[in-house]
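Coordinate-derived values only; no laboratory data. Keep in mind that what you see is a predicted model, and the values were worked out from it rather than measured. Glycine gets a Cβ as well: all are built from the backbone with ideal geometry, and neighbour counts include every protein chain shown.
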Amino acid sequence: MKNVLNEETLSECKRKLLIQKQDLLNRIRNSKIFFSQSEKSGDEADQSIAHIEEHAFLISQDRMRLHLFEVESALARLESGEYGICEETLEPIEIERLRAIPSTRLSIEGAELREAVQRKFARF
């Protein structure tokens with residue numbers, strides 16, 4: 001298969017990104033509602049559990065917001081015409097990779113290069 005993004009592939013990726021965005025917004029909203037309704041009083045053990053749940057909630061919110069940022073960035077790249085270009089190699093990202101992970105910013109080669117650099121600098 002040729003590695004050129006056609007209108008059909010772009011539309012498919014945009015549709016997937018919009019679905020992911022809506023899903024993330026719903027999950028963020030629902031988890032906030034659930035967390036705000038949870039019991040915050042009790043003895044020390046209950047309060048300890050509440051602190052652990054709050055920590056888990058904040059980590060979850062952070063992850064969802066980061067994912068939402070990636071999805072919104074991909075939608076912006078679609079609008080600007082920069083979608084499907086690897087940030088690391090400046091080469092086209094594999095179509096099957098875009099279909100699987102529409103918010104990706106890296107080709108397989110670009111991801112491997114970035115990972116190798118991170119491993120190299122993690123040793124120091």
remark   = Counting lysine pairs in the chain that sit 8 or more positions apart or on different chains, with Cα atoms under 28 Å apart, gives 6
GNM flexibility winner over the chain from Glu94, Glu44, Glu82 (Cα, springs under 10 Å) = Glu44
request  = Could you tell me how many degrees, from 0 to 90 and to the nearest 10, lie between the Cα long axis of helix 108-122 and the main elongation axis, the longest principal axis, of the Cα atoms of the chain?
outcome  = 50
ask   = Mind listing which trypsin sites (Lys or Arg not before Pro) in the range 69-124 are in a DSSP loop and have 12 or fewer other Cβ atoms within 10 Å?
value = Arg123
message = Cut-off 19 Å, label point 7 angstrom out along Cα-to-Cβ of Arg119: give me the residues of the range 76-113 whose amide nitrogen falls inside.
response = 88-89, 106-113
Angle in degrees between helix 7-37 and the longest Cα principal axis of the chain, rounded to the nearest 10 = 10
remark   = Answer in debye to the nearest 20: the dipole magnitude of the range 7-122 about its Cα centre, from +1 Lys/Arg and -1 Asp/Glu charges placed on Cβ, is 200
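So what is the relative contact order for the chain, in percent, with contacts set as C-alpha pairs under 8 Å and at least six apart?
Numbers: 93 pairs, mean separation 37.2, N = 124.
Computed over the chain, the figure is 30 percent.
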task = Work out, step by step, the length gained on full extension between Glu88 and Asn6: first 0.36 nm times the residue separation, then minus their alpha carbon distance; give nm to one decimal.
result = 27.3 nm
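Give, as a single signed number, the net charge of other residues whose beta carbon lies under 9 Å from the beta carbon of Ile108, with Lys and Arg counted +1 and Asp and Glu -1. Walk me through the intermediate numbers first.
Working: positive: Arg97; negative: Glu94, Glu109, Glu112.
Taking every other residue near Ile108 into account, the sum is -2.
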